[in-house]
1. Can you compute log10 of I(q)/I(0) for the range 37-108 with the Debye formula, treating each Cα as one identical point scatterer, at q = 0.19, 0.26 Å⁻¹?
2. What is the extension gain from Glu46 to Ala14, computed as 0.36 nm multiplied by their sequence separation minus the C-alpha to C-alpha distance, in nm to one decimal?
3. So between Val103 and Arg66, what do we pick up on full extension, going 0.36 nm a residue minus the alpha carbon distance?
4. Report, to the nearest whole %, how much of the accessible area of the chain belongs to carbon and sulfur atoms, 1.4 Å probe, protein only.
5. Would you kindly find the accessible area of Lys99, with a 1.4 Å probe and non-protein molecules such as ligands, DNA and RNA excluded, rounding to the nearest 10 Å²?
6. Could you grab the relative contact order for the chain? Cα pairs under 8 Å, six or more apart, rounded to a whole percent.
7. Apply 1/(1 + (r/R0)^6) to the Cβ-Cβ distance of Ser56 and Gln118, taking R0 = 22 Å, and write down the FRET efficiency to the nearest 0.05.
8. How much accessible area per residue does the range 1-117 have, counting only protein heavy atoms and a probe of 1.4 Å, in square angstrom?
Amino acid sequence: QVQLVESGGGLVQAGGSLRLSCAASGRTFSRYAMGWFRQAPGEEREFVAAIRSGGSTAYADSVKGRFTISRDNAKNTVYLQMNSLNTEDTAVYYCAASKNLVVVTIQGTYDYWGQGTQVTVSS
């Protein structure tokens, strides 16, 4: 069982930056692929970014070049650095953990989910 707790969300002006953190419980964190997903009001939850146990990453086209995912296995934590935020980035952001190290962009492959953190970007 893995428990995930997100933090770092908040209100930011367009063009600003935020860094989200996701702290995971358990001793096997390093074996999981970790992902960030988001859900805007009235929309489906969508993939944002993921990082495999070996460190390779994947990004949604909408965030490439602006967001960076990283992980610190010693701290059981995954991060999402978000720069050049715009109003379309407003959403609840969820952290997730997956035993599937191949397919990391599909939410159905993830085994554990956090409760989410709100990110609001004002114009």
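1. Normalising to I(0) and taking log10 leaves -0.80, -1.40.
2. Difference between extended and current length: 9.4 nm.
3. In short, 11.1 nm is gained.
4. Values: 2800 of 6260 Å².
Here carbon and sulfur together make up 45 percent of the probe-accessible area.
5. Rounded to the nearest 10, the figure is 130 Å².
6. 36 percent
7. On the way: r = 29 Å, r/R0 = 1.31.
That pair, Ser56 with Gln118, gives E of 0.15.
8. 51 Å²
The values are calculated or read from the model by the stated rules, or taken from the named source; none is laboratory data. Small disclaimer: the values here were computed from a predicted structure and weren't measured. Note: ideal-geometry Cβ built from the backbone for every residue, glycine included; neighbour counts use all protein chains shown. Note: accessible area is taken over every heavy atom of the protein model, side chains too, but ligands, DNA and RNA are not part of it. Shrake-Rupley method; radii C 1.70, N 1.55, O 1.52, S 1.80 Å.
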